[in-house]
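Have a look at the structure below, then the notes.
The values are calculated or read from the model by the stated rules, or taken from the named source; none is laboratory data. What you are looking at is a predicted structure, and each value in this text was computed from that prediction instead of being measured. Quick reminder, even Gly has a Cβ in these numbers, built from the backbone with ideal geometry, and neighbours come from all protein chains shown. Quick note on the areas: whole protein, heavy atoms, side chains included, nothing else; ligands and nucleic acids left out. Shrake-Rupley method; radii C 1.70, N 1.55, O 1.52, S 1.80 Å.
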Amino acid sequence: MILRNALRLRGSLDLSKYHNINSITSSLLHRQRFDRQASTYSDDKTTHFGFKNVGEKEKKEAVLSVFHSVADSYDLMNDAMSLGIHRVWKDAFMKKLDPGPNTKLLDVAGGTGDISFRFLDYVGKEAVNKDDGASVTVFDINASMLKVGEARASELGHTKGISFVQGDAQELPFEDNTFDCYTIAFGIRNVVKIDEALKEAHRVLKPGGRFMCLEFSKVKPQELESLYDLYSFQVIPPMGKILAGDWDSYQYLVESIRKFPDQETFAEMIREAGFSFVTYEDYTFGVAAVHS
């Protein structure tokens, strides 16, 4: 279990301005955008976009373009990447989180709502409807992903206890010590500066708050890794072309998994951001892992 261990004075944040529980608009869901200085990116500093070396600004824009392209077929993309098992992983992820009736959750890179809707179903309508009850803030840098999430929320009847906020994981527009839990599923590897995003997660969590990350990871054993590589590079991009008309985005997503740190390395990065009791659990031979 990953816990935020730094003690700070608690901020006097008015959560109602973020969660809209008592002020649902006529469309029932309201996306909020907060003015805050953006995290700095430089093309003088290089990073990776898949297997390519690019400037930080270029990666940010390229990732935005990828997820704008796949937003309408995001579930299809995850099905292709995981052979449909991502749904089972996400159910297990929420069970592991085990949120309570008053939990305030920040779901980062959560635009289409997969984790947030599971959260709302898990805590139940009674918890969401009561004063100062459970709520989730869906946070994403990509407007197209948020648009899909808002439409899905309306279709599923999730009209209370949920709000949508657009912004950068490296510069969260929230006060210190705001949330009980922070989740990010299949999103951290797309962040330009992962260390900054982890520090921001630590900052906005209350003392004792919980960080949970679900991400594609390092497959074990090596014999299985070779088979997984064959599927990833020879099947997934062509499948993306056939099903979504998009080879390049799926090629990037496969490459981005290979560039992401292995389980132990990522666990150490989380510790360096200030978290304690860092552990991880492999799902499906390490195809994915939960750091919690």
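Roughly how many debye, to the nearest 20, is the charge dipole of segment 87-132 about its Cα centre, given +1 on each Lys and Arg Cβ, -1 on each Asp and Glu Cβ, and no other charges?
180
For helix 56-70, report the angle its Cα long axis makes with the longest principal axis of the Cα atoms of the chain; keep it between 0 and 90° and round to the nearest 10°.
90
Between beta-carbons, use under 10 Å as the cut-off and find the net charge around GLY50, counting Lys and Arg +1, Asp and Glu -1.
Summing Lys and Arg as +1 and Asp and Glu as -1 gives +2.
Before rounding to the nearest 500, sum -39500 (n - 2.57) across all DSSP H runs of length at least 4 in the chain and divide by the residue total; then give [θ] at 222 nm in deg cm²/dmol.
Helices in the chain give a 222 nm mean residue ellipticity of -12500 deg cm²/dmol.
Quick one: dipole size for segment 202-292, taken about the Cα centre, charges +1 on Lys/Arg Cβ and -1 on Asp/Glu Cβ, in debye to the nearest 20.
In debye, rounded to 20, segment 202-292 gives about 400.
Taking all protein chains as present, what is the carbon and sulfur share of the accessible area of the chain, in % to the nearest whole number, probe 1.4 Å?
Looking at the chain in its full context, I get 51 percent from C and S.
Once you charge only the Cβ atoms, +1 for Lys and Arg and -1 for Asp and Glu, what is the size of the charge dipole of the chain about its Cα centre, to the nearest 20 debye?
Here the chain has a charge dipole of around 540 debye.
Leaving out ligands and nucleic acids, and using a 1.4 Å probe, what accessible area per residue does the chain come to in Å²?
Accessible surface, normalised per residue, equals 45 Å².
Which entries in the list LYS125/LYS206; LYS104/LYS206; LYS147/LYS206 go over 18 Å, if you measure between the two C-alpha atoms of each?
Listed pairs above 18 Å: LYS125/LYS206; LYS147/LYS206.
Below 13 Å, Cα to Cα, which aspartates and glutamates can LYS95 reach? Residues fewer than 8 away in the same chain don't count.
Candidates past the 8-residue exclusion: ASP121.
Could you state the number of Å between the C-alpha centres of segment 85-111 and segment 169-226?
Centre-to-centre distance over Cα atoms comes out at 13 Å.
What do you get for trypsin sites (Lys or Arg not before Pro) in segment 121-199 restricted to DSSP loop and a cutoff of at most 14 other Cβ within 10 Å of the site's Cβ?
LYS130
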